[in-house]
Structures are given as structure tokens and as C-alpha cells.
1. With a point put 7 Å past each Cα toward its Cβ, work out how far Arg34 is from Ala394 in nm, to one decimal.
2. For the peptides 84-97, 243-256, what is the packing order when you average, over each peptide's residues, the other Cβ atoms within 10 Å and list the highest mean first?
3. Can you tell me which of 552-563, 353-364 comes out highest on packing, and rank the rest after it, using the mean Cβ neighbours within 10 Å?
4. Shape of the range 371-473 from its Cα gyration tensor (a ≥ b ≥ c, root eigenvalues): rounded if a/c is under 1.5, otherwise prolate when a/b > b/c, or oblate?
5. List every residue whose amide H lies under 5 Å from the amide H of Val429, counting only residues 5 or more places away in sequence or on a different chain, with H placed 1.01 Å from N in the peptide plane.
6. Calculate one ³J(HN,Hα) per residue across the range 337-344 by plugging θ = phi - 60° into the Karplus curve 6.51 cos²θ - 1.76 cosθ + 1.60, and present them in order as whole Hz with x for glycine and proline.
7. Is the C-alpha gyration tensor of the range 317-433 telling us rounded, prolate or oblate? Criteria: a/c under 1.5 is rounded; beyond that, a/b larger than b/c is prolate, otherwise oblate.
8. Packing-wise, with mean Cβ within 10 Å as the measure, how do 438-444, 369-375 rank, highest first?
Amino acid sequence: MAASYERERLESRLADPMQGLLPVIRSCVRWARRPLQPAVRLWRRNLQLRVVAFTLLMSVGVVLLLGFVVIGQVKNGLLDAKEKAAENQAVSGFSIAQSMADKGSQSRGASGSGTPQSTAVDSGTWLNNLVQQFSSGGKGVYWIATLSPGAGDAQQLGEGSVNARGPRASGSLLPEASIPHSLSDAVESHTGALKQYTTVYTDDGNPPKPALAVGKRLTDINGTTYQLYYLFPFDQEQKTLGLVKGTLATAGIFVVVLLGAIAWLVTRQVVTPVRMAAGIAERLAAGRLQERMQVTGEDDIARLGESFNKMAQNLQVKIQQLEDLSRMQRRFVSDVSHELRTPLTTVRMAADVIHDGREDFDPVTARSAELLQNQLDRFESLLSDLLEISRFDAGAAELAAEPIDLREVVRRVVDGAEPLSERKGSRVVIRGDGQPVIAEADPRRVERVLRNLLVNAIEHGDGRDVVVRLATADGAVAVAVRDYGVGLKPGEATRVFNRFWRADPARARTTGGTGLGLSIAVEDARLHGGWLQAWGEPGGGSQFRMTLPRTAGDSLRGSPIPLEPEDSRRSRGLATSGLPGRNGSQATVPVPRTGGADGGHNGTAARDILASGTPMPAIPPMPAGPPRPAADPAALPGSGARVVGHKGAAREDDI
């Protein structure tokens, strides 16, 4: 199944070439985003920067919109004024030109002399004089041009006459290039004045200029039609519009900067108290309960500061009361524990005397002596645990670290739990003890932690095997205790290290547990700078893992043993479906065996079985849930736990 799964993955990857490019694209995107991460963090963390940036963007948008509207209005106003002035000027010039032609024609008719040839010459001269006369009054304001379309076809004139009727213009204007053909055709077919926007071209080397051309068809002194044009450049209007644009740009920049400064000042007045409150809140959380905000004025910010100070004051009072109460409780527990030692010693001596002479008593009294002895043992254990807890609460616990081999500690614990494992019909299997597992730790505290874990595993293992695994890697050592008993229900792993908590209150305490063992164990692990974590699934057993730094004082980055074992329901489901396990191979299942009172094996026998290489029977198959992504909880801090539900659903909780 695994081979078919890999083949399907390969075929799908070959069918879709983009799948091979996706990792490269993601890498490029991450590489491109890396320089932007500091700016993104600053943008997310700085409220004042965001407010000022949004204000500037909105201000720029408003200024640009206002500038476009104002420039459009000014431009339209200038064009309208220019058109009206140009029309008035042109109409006046057309009237004067036609009046001059009419007067010249009347004066020539009155004299009664002239020939056609002289008339043509007089017409050209008259047009030259007209252009010079009209352009002399509008130099730099407009150009004058005349066109005579179709003059050569109207009558057969000499070569000189045709040149006399050619285009004429004032200054360096090029009339044929400056006057559009559409305008000249329209003027030729209409009797009124017409206007059109055009571009003026000159032969003096200056660039083309936009202008307004106004033309009309008139008659000259000889009654021949010609076209007279006024061309008004927009030089002054362009200067005015440029001045308006410059003024608006300068004013816009000034307004944007001013609005940004105003937004910065306003937000500073609001953000500064908030930042101050955040800093004081962080210091309050760090334990500096005397911190307070400075309050000035009577505005909303001042009211916020007063409310914050009142809250801090109330918190300080409540926390102080709780600390005093906790101190009193710890002192009470410590005092009571110490005071109980004297009467307990006396009762112990009397109980030992009674217990030693129980053979001379009747059966009822002898049984009572045995019960008294057992309960005194349990009471003494509880008293010792209470004293240890009081030391942790008071911060008086000390760590006597020295280099130790955890294999020896594990073997001592296994040998000590051998009677209990024989009564329960369980065997203890040690794995990973082929090489030394050295760490700087307190042997007494480590042994106490492992004893608690192993005894709990045997008690709740329902006669199945208990596996103790050791490993070391990357500056850390770990010991995991795995059982295959009732396991942990969802939510129970978050409370398993609580004091006096029991998974099943109805279960009998055959070993006389106090309910403080795991609480003391997790405190011992934290005292080493390590972790004590739990994992479990209902009906599938549980695993407790202790991880310690190899060198005292170092910090942990991970654990060499995964918190979720390879024989969990999820791992077996992955192996059944043909998917690779966490380590790239299918999950293997150790031997949980159900044994009776006569089938138990001690730790030494289990180690001998492992050393001989005898294969161990596999766990009966359990229903597996659907495959889901693995989540390695090795990096969970403190006493993190993971509990798998009935249908493969998992949950991780930090205790």
C-alpha cells in the first residue's frame, strides 16, 4: 500500500508540473518578504504610525481631488474668457476689413478707370496692406492670415496674379500648416464667422503652440472672395494655468504636511497614555504592584488613568491578601506537619508493639493491628508529602545535582516496584539502556519522580506490560513510562498533575497513594529546569515523559522521545493506511500483555527477554480514526499534555 501511495503521488506530481514549482515560488516569496518583516512589525505595533499614515493618504487624496476640480474650473474659465475676447476681436476685425473693401471698391467705381490686370495687382497689394495693418495692432496677441482657396480656377490670371492671391500671414506664422483644412472648408461654405482649436506652427524655430483660430469668408476690393483668420495663442492662459497649478501644488503639500503634523500631535496625546498604561500593566504583571499612572486634568484620558490606578490599587490589595492567606496556609501546613511528627512517632511505636504481638491476639484484634499498621504507613507517607509540598511552596527546595546514569536509577526503581508488578500481573520492560544516559541531576528527586510514574503505570495498567524507555540527544535526556491500561479521557491530562486529583475516585488505592505524587514529581522536574508531560487515550493507555537538560542550568529545546508513542491509535491508523510514520517508517507495536497472578515477570526477566531477542506478541488491533497531521508536542513547556479522543480526535493542553 505504501508503494502504491508513493506511485500515486509521483504520477500526480508529473501530471501537474506546477506542484514542483510551488516550493520554489514559496521560497522566493519568503525571501522577498524577509526585508519587509521589520516594517510590517512596526506597522502592526505602532498605532500612531497607522493613524498618521492613513491621515496623510486621505489628505493626499482630498488635495488631489480638490486640485483637479480647481484646475478644471480655472481652465474652463480661462478658455471661455479667451473665446469671448477672441470672438469680439475677430468680429470687429472682420467688420473693419469688409468696410475697407467696400470703401475701396466704391472709390474705384467712382473714378471709372482701371484694367483687369491692374485690378489683380491692386488686390494683392490690398491684401498685403490689410495683413500689415491688422497685425500691427495685435503684435504678440494674435496672428493674421489670409487664404484664397479656388482663386486660380475662378479666372485665368497671369502667373504674377496667382502669386498675388497666395496665402499671407503676419510674423513668422505658417498659415497653411496652422489653419486646419476642416476649418477652411467650413469657412468657404458658410457666411458667418467660425472658430476651432488648432496648433500654430512658425518658421522661427519655436515649438508649436495651441491657439484658437477664428475665420470668415470676405470679399476684397475687387469683389473676389478670400478668407481672413485671427489666430489667438494661449501663452498667457498657459502661464496663468501653470501659476495656478504651482500654487495648488505648494498649498497641497503644505496642507498635507500640516494635517500629518496635526494627526501626529493629536494621536500622540491619545496614544501616549495608552502606551503608558500598557507599560504599567506589563510591570504590574511582572509583580511590581506599586506602579501607577500619572493623572493630569479632568478629561477622558484622566478618567481612564484614575480608573486604571483604582484597578491597580484593588489588585494590589487583593493579591496582598491572597499572598498573606497563602503564606498563612503554607505556614499552617508546615507547622501542623511538624507538630504531627511527635504524636505520630509515639503512635508508630505503640502500633509496632501491637503489630509485633498480633499472633497472640484473637483474629479480629490481629486484623485490626494490621489495618492500624497499614494506615499509619499511609499517614506517614502523606505527612512526608505535605512537608515536601510545603518546601516547594515556600521556595525552600534545593537541588543537589551531580552526574548520574539514569539507567541505574531506572533499575533501582524497577526492582523496588517488582512486588507490586507481580501482584498486578504486569511486567516492566526497559528499553534504550544499551548506552549510558548521563545527566547532571539530583538522584533522590529523579528516583522519586520515576517511582511515582512507574507505580501509577502499574496500578492503572490492568495487568498489561509497562514499558520504560530511555533516550538522550541534543543536550537533553528523557525517560518515558508507557502503560496500556485505562488511559486518560479528554480533559483529564490537564488535571492529572493537580494535587489530590484522581482519574477515577472509585478505584481502590492498593498502594496507599496520597494524591500528591504527580504534583511533587512535576515540581521536581521543574526544579531541574525540565518537563514532565502526559499523553493518553481512553482505553489505549497513557505515557508520561520526563525530560531533563543534560547539563544543569541549560534550557531545553526538545525531547529525544516523542510524547505520543508509536503504538497509539493514530500511528497504527497511519501504518494500516500505508502512510509513513513520523520517522519515515511504519509504526511498530510493542507487547502489551494481559497476565494473571501467575504470569508476571519482574524487570530483570523482561530485560533478559529483550537481550535474547525473543519476539514479543503484537497488540490486538484497535479501531483507528481517520489519518490527520501529526503534532509533535515535544516543545510544550512545563507539564504539557496530549489526550487523544475516542475517534482519533486529539487535543493538546498545557498544564
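1. Label-label distance for Arg34 and Ala394, simple model: 5.4 nm.
2. 84-97, 243-256
3. The peptides rank, most packed first, as 552-563, 353-364.
4. Oblate shape, in that a/c is at least 1.5 and b/c is the bigger or equal ratio.
5. Val466, Val467, Val468
6. Per residue, the Karplus-derived 3J(HN,Hα) values read 4, 5, 5, 6, 5, 5, x, 5 Hz.
7. Verdict is oblate for the range 317-433.
8. 438-444, 369-375
The values are calculated or read from the model by the stated rules, or taken from the named source; none is laboratory data. The structure displayed is predicted, hence computed values, not measured ones. Here Cβ is always computed from backbone atoms with ideal geometry, including for glycine, and neighbour counts include all displayed protein chains. With ligands, DNA and RNA removed, areas are computed over all heavy atoms of the protein, side chains included. Shrake-Rupley method; radii C 1.70, N 1.55, O 1.52, S 1.80 Å.
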